[in-house]
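The values are calculated or read from the model by the stated rules, or taken from the named source; none is laboratory data. Here the structure is a predicted model, which means the values were calculated and not measured. FYI the Cβ positions are ideal-geometry reconstructions off the backbone, even for glycines, and counts take in every protein chain you see.
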Amino acid sequence: MNELTVELGERSYPILIGPGLLGQQGLLAPYVKGGRALVVSNEVVAPLHLEKLEQSLSGIDFDVLVLPDGEQTKNLDTLNQVFDRLLRDRHERSTTLIALGGGVTGDLTGFAAACYQRGVNFIQVPTTLLAQVDSSVGGKTGVNHPLGKNMIGAFYQPQVVLADIDVLHTLPPRELQAGLAEVIKYGLLGNFAFFEWLEQHIDELLKLDGKLLSEAVRICCEEKARIVAEDEREGGKRALLNLGHTFGHAIEAAMGYGVWLHGEAVATGMVMAADLSWRLGWITQEDAQRTRRLIERAGLPAVPPSEISAGRFVELMSVDKKVQSGKIRFILLRNLGEAVVDGDVPAELLQQTLAAGDALCRS
């Protein structure tokens, strides 16, 4: 087992990474401070992994809430189901919420923990690659609004993140591929050696090579833990973790949450960000094409939906959380492995990227 630490002073917490962790008896019990918990999962994940989690909670009094699955359920109505259960079963401020699932479950459960009785402990047990390398680490919690993704939420850190590599073998191929988008993101935004490593090993990762998956999760979590420790509340450097998300969130909102998986939208968003970086003269066209090739090799979409007009893209990006002083802030590439935040993108270059469609990054 690899153990990393997110260094946040009194709120520091470990990330546990490795195979076979979920069923280790008593592994999570020390992090359930009040001796009582509510496990929040969904109808897809619970039948696969709840029984093993119960072994890790040996000696803990816990209830289980199984919610519907899907990005479209990440809303205030579903959040209220968590509150209803907590109140009905008389959970006190000393309780712990445990998120067993992917990014939707983790984000929603964490936000419920941040709000219930003004804050209770929670634990992240991510069961998707995307959640293990990204959404479970760093304390971003929240739900979607029809007008924007993750627009209602809070920064709220977990007690521990437990990333069992073995659970990834139960993922459908599409979910695994979506997770690889966030993995590729870390190579592009600040670790070019990792990007090159991914170019060498992407095929083995798609085949669920356990050793390589553990290594990829470890590297991504190290990168995110370092960035979060420097900038917990996204006042500066942490914004780089949104590479591909400005375009990607617009795709998700326009198409309807759940039609495109989050990782699929981010993948296309990164291709669009690379295209815009090339048009700005920051990276070469070969760099942009190299980005697209790796994303396509991961089985991810590289072309935005034809249904979204350039005007609609701009409209949706204008209500994104990254907007500042009325300007859309883009995370772009100065080089492969070096991302920057830019709020002064010339409108004509943005329009060229939005209009490029299938020609993105191609000569």
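Only a single criterion out of (1) at pLDDT 95 or above; (2) crowded, with 16+ Cβ neighbours inside 10 Å is not satisfied by Asp84, namely (2). So which strands (runs of 3 or more DSSP E) stay within the range 8-86 end to end and still have 2 or more residues that are more than 20 Å from Leu108 (Cα to Cα)? The strands (runs of 3 or more DSSP E) meeting that bar are 13-18.
For the range 282-363, the helices (runs of 4 or more DSSP H) that sit wholly inside it and include 3 or more residues that are closer than 23 Å to Leu147 by Cα are 310-317, 347-356.
Looking across Leu8, Leu28, one residue alone is crowded, with 19+ Cβ neighbours inside 10 Å and either of a type in the set (A, V, I, L, M) or over 16 Å from Gly101 (Cβ atoms) (or both). It is Leu28. Close contacts from the range 209-235, counting a first residue that is in the same structural domain as Gly190 (by TED's automatic domain parsing) and a second that is among the acidic types (Asp, Glu), with Cβ to Cβ under 8 Å and a gap of 6+ residues or different chains, come to Gly210/Asp166; Leu212/Glu204; Cys220/Asp134; Cys220/Glu182; Lys224/Asp134; Ala225/Glu7; Ala229/Glu7.
Name the pairs whose Cβ atoms lie under 7 Å apart, with the first residue in the range 60-77 and under 21 Å from Met255 (Cβ atoms), the second in a loop (DSSP other than H, G, I, E, B) and of a type in the set (A, V, I, L, M), and 6 or more positions between them or separate chains? Close Cβ pairs satisfying both conditions: Asp69/Val44. A count restricted to the range 254-281 and to residues that are of a type outside the set (Ser, Thr, Tyr), under 16 Å from the mean Cα position of the chain (by Cα) and assigned to a helix (DSSP H, G or I) stands at 8. Considering the range 155-174, the residues that are of a type in the set (S, T, N, Q) and more than 16 Å from the chain's Cα centre (by Cα) include one that is farthest from Asp107 (Cα to Cα), namely Thr170. The sole residue among Val143, Val183, Val167 that is β-branched (Val, Ile, Thr), closer than 22 Å to Val82 by Cα and in contact (Cβ under 8 Å) with a residue 12 or more places away in the chain is Val143.
The residues in the range 136-155 that are part of a loop (DSSP other than H, G, I, E, B) and surrounded by fewer than 19 Cβ atoms within 10 Å (Cβ to Cβ) can be counted, and the count is 2.
Remark: Gln159 matches the filter, which requires a residue to be of a type in the set (S, T, N, Q), in a loop (DSSP other than H, G, I, E, B), closer than 19 Å to Gly18 by Cα and in contact with a helix residue (DSSP H, G or I) (Cβ under 6 Å, 6 or more places away or on another chain).
Would you confirm, using the coordinates I've provided, whether Val133 is surrounded by fewer than 24 Cβ atoms within 10 Å (Cβ to Cβ), assigned by TED's automatic domain parsing to the domain that holds Tyr31 and either hydrophobic (A, V, I, L, M, F, W, C) or touching a Gly at 6+ places or on another chain (Cβ under 9 Å) (or both)? No; evaluated as a whole, the condition is false for this residue. Restricting to the range 303-326, and then to whatever is aliphatic (A, V, I, L, M) and over 15 Å from Leu354 (Cβ atoms), can you tell me which residue is modelled with the highest pLDDT? Result: Val319. If you check Gly311 against the conditions, is it over 18 Å from Gly236 (Cα atoms) and either exposed (fewer than 15 other Cβ atoms within 10 Å of the Cβ) or outside the structural domain of Ile184 (by TED's automatic domain parsing) (or both)? Criteria met by Gly311.
Residues that are touching a Phe, Trp or Tyr at 6+ places or on another chain (Cβ under 9 Å) and of a type in the set (Lys, Arg) were ranked within the range 291-338; the one that is nearest to Met270 (Cα to Cα) is Arg334.
The residue of the range 1-56 that is modelled with the highest pLDDT, among those that are touching a strand residue (DSSP E or B) at 6+ places or on another chain (Cβ under 7 Å) and of a type in the set (Lys, Arg), is Arg36.
Filtering the range 314-327 to residues that are hydrophobic (A, V, I, L, M, F, W, C), closer than 24 Å to Gly281 by Cα and crowded, with 18+ Cβ neighbours inside 10 Å leaves only Met317. Has the range 175-191 got any residue that is surrounded by fewer than 21 Cβ atoms within 10 Å (Cβ to Cβ) and over 16 Å from the mean Cα position of the chain (by Cα)? For the range 175-191, residues surrounded by fewer than 21 Cβ atoms within 10 Å (Cβ to Cβ) and over 16 Å from the mean Cα position of the chain (by Cα): present. Looking across the range 95-114 at every residue that is part of a strand (DSSP E or B) and hydrophobic (A, V, I, L, M, F, W, C), the one that is surrounded by the fewest Cβ atoms within 10 Å (Cβ to Cβ) is identified as Leu97.
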